[in-house]
Amino acid sequence: MTSKPAGPETAIRNYPKLLARYQQLLDLTSDLAATFDLDTLLQRIVVAARELTESEASSLLLYDHPSHSLYFEAATGALMGGVGQRTIPADNSIAGWVFTHGEPIVSDDVLNDPRFYREMDVLTRFETHSILGVPLRTKDKILGVIEAVNKHDGFFSDEDVQILETLAAQAAIALENSRLFTQSDLIAEIVHELRTPLAALTAAAHLLQRADLPFEQHQKLSETILTEVRRLNDVSTDFLELSRLESGRVHFQREPVHLGGLVQESLEVVRAQAQTKSISLETQIDASVAPVYGDRKLLKQLLLNLLTNAIKYNTQGGKVVVALTSEDGEVLMKVRDTGRGISPENQTRLFEKFYRVSDGDDEVQGTGLGLAIAKRVAESHGGRISVDSALGKGSSFSVHLPSGPMTEVTTRPRF
Ligand code: ADP
């Protein structure tokens, strides 16, 4: 560390200022503890880091284990525009040094610091002169790094280091809390979803105990039990899949996937289901479409979710078309159906967890998780999913996926 220690006179002169900074930090601490919304929390942390250290910009980087790099989770104005989804190698950067050593760093002249990762300035067109970096440490691990960039006046001081370390300690706790809060939110949601089938099962089991129950009722009740058990099974499987995707614990394959083959394979899986409603399955595949680099199993799951919906919410004798084309250097996969369609209000909420459109017709079974999973898979491949639909006419789900070996696949947890 090369920060400049302040002499005793400077220290006394700076005392009121220092006190004001600690007061600001104290106010912020209670604010952070009460904020569970992740984006608000991150923004407060980086703004405070910049203000408390009197620097030009600041950023918060989190560590991504699979790629052994740090990515920008938040940044203040001057840096925000440029850093986007960029990552910094953990082995060859100042942030990486802070992360791997678990110690703060002051680099007053980054251009002469061999650890400085110059490419970032080239990419962001931001000129970095000096950096103060501190680890973002919880009780048992280091989550990432907070950096203050370009001290306004002079050099980063020992006080700057201390104050940023104090902020980082509070920030790490707040980030952990926010993550735990999100998890407990999820648990509440899943418990809520399990209650309905469990209530139906309990009622059916009670009725079956009655000695005077007519035989036809027996039949009906056992059907209810089977349906509800199936529903419980589906909810648990989908929920597990989604929480694995969200937690970042999924181990991603990254291989060239030819979606044309995947479409054919997936259509075979749903063919029997389509036949029960006399639905025809068609394809429009452009054979020259480039492969997508990603996880074949997850991409198949995405497609199957769209296909089963296109059949489930279709009319008797309807049609499902899967089209595969290239568009602006990306692969575009569309699943179109001639089903009931979705109103504009419902289209905005379809991809939320557990959201199901209620139309008073609960014949169609579902968990409300299929589209949330599809969205997560598309996004983790650097792609996106959207819907275009008209009530009573049908729906079309579009998945845009980048092609080529540069596709970044990540299920990085959003802390
Ligand atoms: P579910 O398990 O309920 O099908 P999804 O997340 O896959 O859950 O879909 C959410 C809701 O979106 C469904 O309940 C359904 O109301 C609506 N939906 C999805 N796909 C279609 C479609 N192709 N046509 C009409 N409605 C659809």
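The values are calculated or read from the model by the stated rules, or taken from the named source; none is laboratory data. Everything numeric in this text was worked out from a predicted model, so none of it was measured. Here the Cβ is made from the backbone with ideal geometry for all residues, glycine too, and neighbour counts use every protein chain on show. Protein only, heavy atoms only, side chains kept; ligands, DNA and RNA dropped before computing areas. Shrake-Rupley method; radii C 1.70, N 1.55, O 1.52, S 1.80 Å.
Some values worked out for this structure:
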{"read-out": "Cα-centre dipole for the chain with unit charges at Cβ (Lys and Arg positive, Asp and Glu negative), debye to 20", "value": "1000 debye"}
{"read-out": "Computed E for Ala20/Phe155 - FRET, C-beta separation, R0 25 angstrom, nearest 0.05", "value": "0.80"}
{"read-out": "Cut-off 14 Å between beta-carbons: net charge of the residues surrounding Glu127, Lys and Arg +1, Asp and Glu -1", "value": "-1"}
{"read-out": "Selection of GluC sites (Glu not before Pro), segment 120-170, meeting DSSP coil and at most 13 other Cβ within 10 Å", "value": "Glu127"}
{"read-out": "Extension reserve of the Arg230-Arg115 stretch, reckoned as 0.36 nm per residue once the Cα distance is removed", "value": "35.8 nm"}
{"read-out": "Cross-link pairs Lys277/Lys300; Lys220/Lys297; Lys141/Lys334 - those with Cα-Cα distance over 32 Å", "value": "Lys220/Lys297; Lys141/Lys334"}
{"read-out": "Whole-number percent relative contact order across the chain, with pairs defined as alpha carbons under 8 Å at least 6 apart", "value": "12 percent"}
{"read-out": "The chain: DSSP helices with Cα axial extent of at least 24 Å and average Kyte-Doolittle hydropathy no lower than -1.0", "value": "8-33, 158-208, 215-247"}
{"read-out": "Cα lying deepest toward the dipole's positive end in the chain, options Leu281, Leu26, Leu262, charges on Cβ", "value": "Leu281"}
{"read-out": "Per residue accessible area in Å² of the chain, where ligands, DNA and RNA are left out and the probe is 1.4 Å", "value": "52 Å²"}
{"read-out": "The chain, helix-only ellipticity at 222 nm - DSSP H runs n ≥ 4, -39,500 (n - 2.57), divided by all residues, nearest 500", "value": "-16000 deg cm²/dmol"}
